[in-house]
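**Q** Just dropping this structure here.
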Amino acid sequence: MTPLRQRASWKALEDHYAKIKNIHLRQLFAENPKRGQEMAVEALGIYFDYSKNRVTAETIKLLLNLAEEADLRSRIDSMFKGEKINITENRAVLHVALRAPKDQQIFVDGENVVPKVHAVLDKMSQFADRVRNGDWKGHTGKRIRNVVNIGIGGSDLGPVMAYEALRHYSKRDMVFRFVSNIDGTDIAEATRDLDPEETLFIVSSKTFTTLETLTNARTARDWCLKKLKDDNAVAKHFVAVSTNASEVAKFGIDTANMFEFWDWVGGRYSYDSAIGLSLMIAIGPEHFREMLAGFHAMDEHFRTAPFDKNLPVLLGLIGIWYNNFFGAETVAILPYDHYLGRLSAYLQQLDMESNGKHVDLDGNVVDYQTGPIVWGTPGTNGQHAYYQLIHQGTKLIPCDFIGFCQTLNPIPPHHDLLMANFFAQTEALAFGKTADEVRADGVPDFQVPHRTFEGNHPTNTILLDRLTPEALGKLIALYEHKVFVQGTIWHINSFDQWGVELGKVLANRIIPELQAKDEPKLNHDSSTNTLIQRYRKLR
Ligand code: G6Q
């Protein structure tokens, strides 16, 4: 395959960028009064307006050529067919199978995996119902009122994000908590007001070897047994979600209470697998299945829609335009919905762990930028904090604004005020306020430059009707596939994460050095040696 920057479509984009890089959104909107309608796509109830981007129809055409030249279509097919596209780990990438309907067939190594997915979903549903209706009792016969998910990374960020997002649909007489950090404060604070007799721990770990999760799980077990004083209690208060039955059994969890998933599900793509068990208990199996239907609808849209009407493709290509041609380093995700408070943190892992790669699929160091830095918090809070820099700073920060036409908490006038801000921000970012307009307001001359807004700051608007489980599924799948589109163009493996390994290995080396009774012989660099010595003295 021709290297990315030598492809005709890439060169055409470079030439095009040189021509249009200074064009202002004011001009683009003035030239075409229908731009706002023409540069919008509606699919699956999601209205995607990309008109407030620094693009012309020609830009989109050239970006679509880039996608064609990168063979995006056949790469999508390879993923959906279960080919082992995660080449460094020799694995299929099949999160799409987690939400496939029963009658669909998806093969890995000659085996249709869809029946296995549904068997686990059924087992989860039965268990979730038993916990929710009080049939599943704790060791002393009390019903379970608290559920604590212990996991980290992909085994935490998805469940906690989705639980927060769908809290409106959750069982309000139960408590749900999520423990991830190895810092003992996390588990201490999560359990301090809970009664072990009424608490269920879900130990979520694909490998069941992760230091943080296993340490937290052992601490939870000690906390539980301190009160219940009987090892048999573990069976009633601990269940596991894992691919590793033998490690689960070693921990003391009955493998009958283990919910399985598979190596073709990446951690950051896994919250719609059994990793979402805590979520399913919170919102109930029916809502969980509605969410899966939302994921699946977006999968089908991504697989079949023409690229110029394909939401993940357009979102991904527009991201490439800023990342690789304008040199933007970050993307802000700005949901105007308080329930989506953890969305950016979730997308941060999804995007940055997937596309934070500096070598391509052939092992060559790339000579172009790959994954952006992803950040953001829900509006309107950010408006009173960091939006200043987006409006008037020196950096170009493309933003995704995500909003809903209906609120789940109709307390007038809140939602109208929220959405007025939502619309106002994309308008202000795009069009700004010229020096003449500022002067016309009677602003003194010395203040004019300070109060002028250059505008031309690009935004996508993603507008949905209502935050339902189905809508969340669509939204998350939209971003999953956006990441896939970009990874395909950059010709990188979006599905491994070797970058997290080195720190883990070094930490394991340092643990005994911190805990040794006698002064250990340290062989690190002079900085690390001194820091360890100081810690040992003061710990
Ligand atoms: C995700 C990553 C990573 C992983 C955690 C937890 O894609 O692989 O975030 O999810 O390291 O791993 P375990 O589930 O194996 O404990």
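**Q** Filter region 470-525 down to the residues that are of a type outside the set (A, V, I, L, M), touching a strand residue (DSSP E or B) at 6+ places or on another chain (Cβ under 9 Å) and in a helix (DSSP H, G or I) and list them by number.
**A** Lys474, Tyr479
**Q** Which residue is farthest from the ligand (Cβ to nearest atom), if the candidates are limited to region 213-236 and must be of a type in the set (Lys, Arg) and surrounded by 18 or more Cβ atoms within 10 Å (Cβ to Cβ)?
**A** If we take residues in region 213-236 being of a type in the set (Lys, Arg) and surrounded by 18 or more Cβ atoms within 10 Å (Cβ to Cβ), then Lys236 is farthest from the ligand (Cβ to nearest atom).
**Q** Return a yes/no flag: does region 192-212 have any residue that is more than 16 Å from the ligand (Cβ to nearest atom), in contact with a strand residue (DSSP E or B) (Cβ under 6 Å, 6 or more places away or on another chain) and hydroxyl-bearing (Ser, Thr, Tyr).
**A** Within region 192-212, one or more residues are more than 16 Å from the ligand (Cβ to nearest atom), in contact with a strand residue (DSSP E or B) (Cβ under 6 Å, 6 or more places away or on another chain) and hydroxyl-bearing (Ser, Thr, Tyr).
**Q** Six or more apart or on different chains, Cβ under 7 Å: which pairs go from a residue in region 478-503 that's over 18 Å from Phe80 (Cα atoms) and within 12 Å of the ligand (Cβ to nearest atom) to one that's at pLDDT 95 or above and among the acidic types (Asp, Glu)? Could you list them?
**A** Sorted first by the residue in region 478-503, then by its partner, the pairs are Gln497/Glu353.
**Q** Here is a further query. Quick check on Thr88: is it in a loop (DSSP other than H, G, I, E, B), farther than 30 Å from Val359 by Cα and of a type outside the set (A, V, I, L, M, F, W, C)?
**A** The answer is no for Thr88.
**Q** Here is a further query. Condition (residue is closer than 30 Å to Glu14 by Cβ and of a type outside the set (Ser, Thr, Tyr)) applied to region 88-103: is it met by at least one residue?
**A** no
**Q** What number of residues in region 119-137 are exposed (fewer than 14 other Cβ atoms within 10 Å of the Cβ) and in a helix (DSSP H, G or I)?
**A** 4
**Q** Within region 324-376, restricting attention to residues that are of a type in the set (Asp, Glu) and touching a strand residue (DSSP E or B) at 6+ places or on another chain (Cβ under 7 Å), which residue is surrounded by the most Cβ atoms within 10 Å (Cβ to Cβ)?
**A** In this case the residue turns out to be Asp351.
**Q** For region 447-469, what are the residues that are assigned to a helix (DSSP H, G or I) and surrounded by 23 or more Cβ atoms within 10 Å (Cβ to Cβ)?
**A** Once the filter is applied, which keeps residues that are assigned to a helix (DSSP H, G or I) and surrounded by 23 or more Cβ atoms within 10 Å (Cβ to Cβ), region 447-469 yields only Pro469.
**Q** I would also like to ask the following. Return only the number of the condition from (1) among the small types (Gly, Ala, Ser); (2) touching a helix residue (DSSP H, G or I) at 6+ places or on another chain (Cβ under 7 Å); (3) on the phi > 0 side of the Ramachandran plot that Ala67 does not satisfy.
**A** (3)
**Q** Of everything in region 237-260, what is over 18 Å from Val120 (Cα atoms), within 16 Å of the ligand (Cβ to nearest atom) and touching a helix residue (DSSP H, G or I) at 6+ places or on another chain (Cβ under 7 Å)? Give them in sequence order.
**A** Phe251
**Q** Exactly one of (1) more than 25 Å from Gly473 (Cβ to Cβ); (2) under 24 Å from the mean Cα position of the chain (by Cα); (3) away from the ligand (no atom under 16 Å from the Cβ) is unmet by Tyr163. Its number?
**A** (1)
**Q** Among the residues of region 146-163, is any more than 26 Å from Leu214 (Cα to Cα), part of a helix (DSSP H, G or I) and touching a residue at least 40 places away in the same chain (Cβ under 8 Å)?
**A** no
**Q** I would also like to ask the following. Picking from Ala274, Ala297, Ala305, Ala293, which residue would you name as being over 20 Å from Trp10 (Cβ atoms), small (Gly, Ala, Ser) and within 16 Å of the ligand (Cβ to nearest atom)?
**A** The unique qualifying residue is Ala274.
**Q** State all residues of region 491-507 that are β-branched (Val, Ile, Thr) and under 19 Å from Gly154 (Cβ atoms); if no residue qualifies, say none.
**A** Within region 491-507, Ile492, Val500 qualify.
**Q** Also, quick follow-up: Within region 217-236, how many residues are touching a helix residue (DSSP H, G or I) at 6+ places or on another chain (Cβ under 9 Å) and either among the hydrophobic types (A, V, I, L, M, F, W, C) or over 19 Å from Ala249 (Cβ atoms) (or both)?
**A** 12
**Q** Just one of the numbered conditions (1) buried (at least 18 other Cβ atoms within 10 Å of the Cβ); (2) of a type outside the set (D, E, K, R); (3) more than 24 Å from Gly363 (Cβ to Cβ) is not true of Phe107; which one?
**A** Result: Phe107 fails condition (1) only.
**Q** Ok, one more. State yes or no: is Gly316 buried (at least 21 other Cβ atoms within 10 Å of the Cβ), assigned to a loop (DSSP other than H, G, I, E, B) and not charged (D, E, K, R)?
**A** So Gly316 does not fit the description; no.
The values are calculated or read from the model by the stated rules, or taken from the named source; none is laboratory data. These numbers were taken from a predicted model, which means no experiment stands behind them. All Cβ positions, glycine included, derive from the backbone under ideal geometry; neighbour counts span all protein chains shown.
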